[in-house]
Amino acid sequence: MFFTYSRKVFTGLWNLFASKLFNKMILIYSLLTLLPLMLVIGIFYYKSSYILEAKITDAKKQSLVEMVDKIDGYLQDVADMAVRIQKDDFVETTLREDYFNAETVMESGRSLRVNQRLSDLMESNEFIDAIYIMNANRQLYYSESEFRLESMEALEAMAQEQPDAFVWAPFADHGRLAGAMEITNFSTGKKAGLIMIMLRPDRIAKAYSSYGSTEFNMTNTGGLILSNADPERVGTRFKPSANKEIIVLERQSAYSGFRFISLFSKAAFHQEIDSLAYFTLLITGVTWVLVLLLTVIVLRHVTTPLTRLSRLMGKAQKEVYETIDNIRTKDEVGRLCVSFNHLITDIRDLIQKVYKVELLNKEAELKAIKAQINPHFLYNTLESINIMAKELGSSSIPDMIRLLAEIFRFSISPGSDLIPLANELQFVSYYLQLAKYRYEERLIWTMDVSDELRQVIVPKLILQPLVENAIIHGIDRTAIQGVIAIRAYIEVYDLIIEIEDNGPGPELSSRDGRSSGIGLNNVRQRIELLYGNRYGLTIGHVGPQQAGALVRLRLPITLMKEGIS
């Protein structure tokens, strides 16, 4: 569902964009500009990335060598500090006394003085976190306020394996890098104690923080991490990454034997080339914008006449004929505009000529139709009066003459040929009342027309021929009581007027329900002349099982304007 909706939205946007020549030309020029530039940038980026990655890798390897040498220098300084502590007069004197008085319990006052001396010596090196000295009695002096040493036996065993050398431990003590060295009694040449030094993990991590790697590890030969910027990683095993985007550089110290492992992301290698690519993209974007602005200016000069021409052709399709002014170009587009102006001028002249002729023809046809309606109606009415006067000598003749006078007054009254439906219904009512004198109880009628529809404008004398047809061909030919129903309603924004009778039914002369009667044909011709072939008149049966005729009139809905009565 989502993809279908997205495809429809994209298709709609594309159709909207591609519906104008200007938009398509902008797209073509943009693609012709951008595609070569993007191709050049892509090739440059790929080639430069390969070369730069190799150079940066070599540079990082060299930097790693320098970093390892630098850290080895720090470790060597700590080893030298251990030698100086061993040769310190106060420390040496204390250890010698402890050596020759092995059974003597260490005095608290002397212990505090030695601890303070160790603290003073520790201040001279920022990497040292704590200094421990074990005397011949295996009693400890230490520089920190809280004793945290946990690997004394292991450090002692390491120091015994390499006498007279400061040995770095392949493990961490409370996350700290540890080293130890035996202290020898110079007079006897025998072991007088053990010095152990712990390094601050944060200072070690700070020493290689400027290297710029994604991750830097200091491990022993077995891969146990001894130093990392993340304290949680210390004491865990280093696991090589399976990510091909990670570059691993490794160096082993010749002094301490530690392994230094540096991890770099290729993305970090690409920062320099990316910055260059961004700059190139910026230049490309600026260039494209300038080209786009020039393209817009040029295309405006070319497509503006075409846009105006397209708009005016659309108006011409709606029968609004306008010419193009201010034609400034003399190329093919300019000549096309001039030809369009000539065509519009010729169409205007032709329309004026044809319109005038057609108007005269319609006026003549309307006059002829009206001339046929009035005598026909007058003849039928006078015939009715004559029959009644001969047979009955009726006193109703004055009323019939009055109604006839109203009918004549309505038919010959000056004004518009379009009147409200209410006036036309009044005229039909006069006619039916007049016919009532002849048919008496054999004729009844109903009118079902709402007040709103009575205000709709209809052609004058459009219903009387239909009612007359219902009387002559329906009521007059049936032996039962005749009923004429007149109703009006709206159907698909058109006005429908129906005249229904219960006579024997219509006599159709064509397959489409058209009658050849003079009155009905006159009405049909008037409607088609006024409103076109979409409107008109049809006649048919009331229903498949019912007798009677149904005449249906279709007219456009036109409301009454002020001044029409």
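In table form, for the structure just shown:
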| read-out | value |
| --- | --- |
| Which listed residue is among the polar types (S, T, N, Q), in contact with a helix residue (DSSP H, G or I) (Cβ under 8 Å, 6 or more places away or on another chain) and over 30 Å from Gln62 (Cβ atoms), from Thr280, Thr304, Thr284 | Thr284 |
| Pair list, Cβ under 6 Å, 6 or more apart: the stretch 438-450 residue on the phi < 0 side of the Ramachandran plot, other residue surrounded by fewer than 16 Cβ atoms within 10 Å (Cβ to Cβ) | Arg442/Gln481; Asp448/Arg487 |
| Residue check, Ser227 closer than 25 Å to Glu123 by Cα, touching a residue at least 24 places away in the same chain (Cβ under 8 Å) and of a type in the set (Gly, Ala, Ser) | yes |
| Evaluation of Asp80 against (1) within 20 Å of Glu182 (Cβ to Cβ); (2) in contact with a Ser or Thr (Cβ under 6 Å, 6 or more places away or on another chain) (one fails), failing number | (2) |
| Which listed residue is touching a strand residue (DSSP E or B) at 6+ places or on another chain (Cβ under 7 Å) and touching a residue at least 60 places away in the same chain (Cβ under 8 Å), from Leu461, Leu432, Leu495 | Leu495 |
| Criterion (in a strand (DSSP E or B), at pLDDT 90 or above and either small (Gly, Ala, Ser) or surrounded by fewer than 22 Cβ atoms within 10 Å (Cβ to Cβ) (or both)) met by exactly one of Leu495, Leu537 | Leu495 |
| Subset of the stretch 405-429 [over 60 Å from the mean Cα position of the chain (by Cα), surrounded by 17 or more Cβ atoms within 10 Å (Cβ to Cβ) and either modelled with pLDDT of 90 or more or not assigned by TED's automatic domain parsing to the domain that holds Ala485 (or both)] | Phe427, Val428 |
| Subset of the stretch 126-143 (residues that are buried (at least 19 other Cβ atoms within 10 Å of the Cβ), in a loop (DSSP other than H, G, I, E, B) and in contact (Cβ under 8 Å) with a residue 40 or more places away in the chain) | Phe127, Ala136 |
| Flag if Phe127 is in contact with a Ser or Thr (Cβ under 8 Å, 6 or more places away or on another chain) and not small (Gly, Ala, Ser) | no |
| Residue list for the stretch 83-110, filter: exposed (fewer than 12 other Cβ atoms within 10 Å of the Cβ), modelled with pLDDT of 80 or more and β-branched (Val, Ile, Thr) | Thr93 |
| Arg148 basic (Lys, Arg), more than 26 Å from Phe100 (Cβ to Cβ) and modelled with pLDDT under 85 | yes |
| Qualifying residue in the stretch 470-479 (condition: assigned by TED's automatic domain parsing to the domain that holds Gly548, under 20 Å from Asp494 (Cβ atoms), among the hydroxyl-bearing types (Ser, Thr, Tyr) and part of a loop (DSSP other than H, G, I, E, B)) | no |
| Unmet requirement for Ser256, which otherwise passes all of (1) at pLDDT 80 or above; (2) crowded, with 16+ Cβ neighbours inside 10 Å; (3) part of a helix (DSSP H, G or I) | (3) |
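Table: residues versus (1) without any contact (Cβ under 8 Å) to a residue 24 or more places away in the chain; (2) more than 30 Å from Ser253 (Cβ to Cβ); (3) touching a Phe, Trp or Tyr at 6+ places or on another chain (Cβ under 8 Å).
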| site | (1), (2), (3) |
| --- | --- |
| Asn23 | yes, yes, yes |
| Leu32 | yes, yes, no |
| Leu35 | yes, yes, no |
| Ile51 | yes, yes, no |
| Ala54 | yes, no, no |
| Lys61 | no, no, no |
| Ala82 | no, no, yes |
| Asp88 | no, no, no |
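Conditions tested, residue by residue: (1) without any contact (Cβ under 8 Å) to a residue 60 or more places away in the chain; (2) in a helix (DSSP H, G or I); (3) of a type in the set (A, V, I, L, M, F, W, C).
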residue	(1), (2), (3)
Val289	yes, yes, yes
Leu299	no, yes, yes
Leu312	yes, yes, yes
Glu319	yes, no, no
Leu336	yes, yes, yes
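Yes or no, residue by residue, for (1) surrounded by 11 or more Cβ atoms within 10 Å (Cβ to Cβ); (2) in contact with a helix residue (DSSP H, G or I) (Cβ under 8 Å, 6 or more places away or on another chain); (3) at pLDDT below 80; (4) in a loop (DSSP other than H, G, I, E, B):
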position	(1), (2), (3), (4)
Arg7	no, no, yes, no
Lys24	yes, yes, yes, no
Leu39	no, no, no, no
Gly42	yes, no, yes, no
Ser48	yes, yes, yes, no
Gln62	no, no, no, no
Gly73	yes, no, no, no
Met81	yes, yes, no, no
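The values are calculated or read from the model by the stated rules, or taken from the named source; none is laboratory data. Because the structure is a prediction, the values reported are computed rather than measured. Please note: Cβ atoms are built from the backbone with ideal geometry, for glycine as well, and neighbour counts cover all protein chains shown.
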